[in-house]
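**Q** My questions will all concern the structure given below.
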Amino acid sequence: MLAGFPPARFSDASNIWLVIVELILAGAALLFLHSRNFDIQSLYPEPTVRGSLLGVGLFLVCWLLGTVVTALFQTHERPGVIDFSFSGASLASIVLVAVVNGTFEEVFLLGVLVRGLRGLGLSLAIGLPLLVRVLYHLYQGPVGVLWVTSFGVTLTLAYVITRQLWPCVFAHILWDIVPTL
């Protein structure tokens with residue numbers, strides 16, 4: 001943040017590194033949760049046609065809501081959203097990152113945190129994971145944070161209502177692929 005939100009550069013090498021880091025962290029988290037007798041099986045998103053269609057709908061709602069929420073804060077001179085460069089990244093590495101990252105984030109934020117905090121009240125179960133999501137997306141700048149907040153609220157509410165991870169995971173995967181194309 002202190003660097004003024006420099007452009008983000010993605011390449012096949014950086015994408016593979018991100019996948020490796022997230023897989024290692026996911027393995028460690030699953031081992032920890034298993035040692036605490038957490039129902040690990042419930043964290044595996046179950047892809048279905050209905051869930052995928054709901055995921056596409058969530059993606060579109062997120063896109064529309066994010067556009068509305070950020071529209072007032074963007075100008076041509078200062079868009080307020082970090083500049084992403086995918087010029088060094090192949091489509092295969094972008095899709096790989098989208099699948100791993102979308103699954104990693106939503107399983108952690110929704111499947112573990114929202115579900116785990118539910119007993120402490122719905123506002124805490126929604127608010128704390130949203131804060132975590134926003135904190136690790138601060139590099140995207142102030143307008144990016146608004147976008148991420150609207151995205152996070154939408155997916156979290158969908159998960160709270162449906163208790164299904166797959167639509168949220170699929171919406172996140174689409175979000176990581178479609179804008180880069």
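The values are calculated or read from the model by the stated rules, or taken from the named source; none is laboratory data. Just so we're clear, the structure is a prediction, and the values are computed from it rather than from any experiment. Cβ coordinates were reconstructed from backbone atoms using ideal geometry, including for glycine residues, and neighbour counts include every protein chain displayed.
**Q** Filter the stretch 134-162 for residues that are closer than 21 Å to residue 51 by Cβ and not β-branched (Val, Ile, Thr); which is surrounded by the fewest Cβ atoms within 10 Å (Cβ to Cβ)?
**A** 157
**Q** If you scan the stretch 152-181, which residues turn out to be among the aliphatic types (A, V, I, L, M) and touching a Pro at 6+ places or on another chain (Cβ under 7 Å)?
**A** As a first pass, look at the stretch 152-181 and keep what is among the aliphatic types (A, V, I, L, M): 153, 155, 157-158, 160-161, 165, 169, 171, 173-174, 177-178, 181.
Correct list: 158, 165, 169.
**Q** Next up: Being within 21 Å of residue 99 (Cβ to Cβ) and outside any helix (DSSP H, G or I) is the filter here; which residues of the stretch 136-179 pass it?
**A** 136, 137, 164
**Q** Could you tell me whether any residue of the stretch 116-126 is assigned to a helix (DSSP H, G or I), within 22 Å of residue 46 (Cβ to Cβ) and either among the aromatic types (Phe, Trp, Tyr) or at pLDDT 95 or above (or both)?
**A** Looking through the stretch 116-126, at least one residue is assigned to a helix (DSSP H, G or I), within 22 Å of residue 46 (Cβ to Cβ) and either among the aromatic types (Phe, Trp, Tyr) or at pLDDT 95 or above (or both).
**Q** Looking at the stretch 51-103, which of the residues that are more than 16 Å from residue 156 (Cβ to Cβ) and aromatic (Phe, Trp, Tyr) is modelled with the highest pLDDT?
**A** 63
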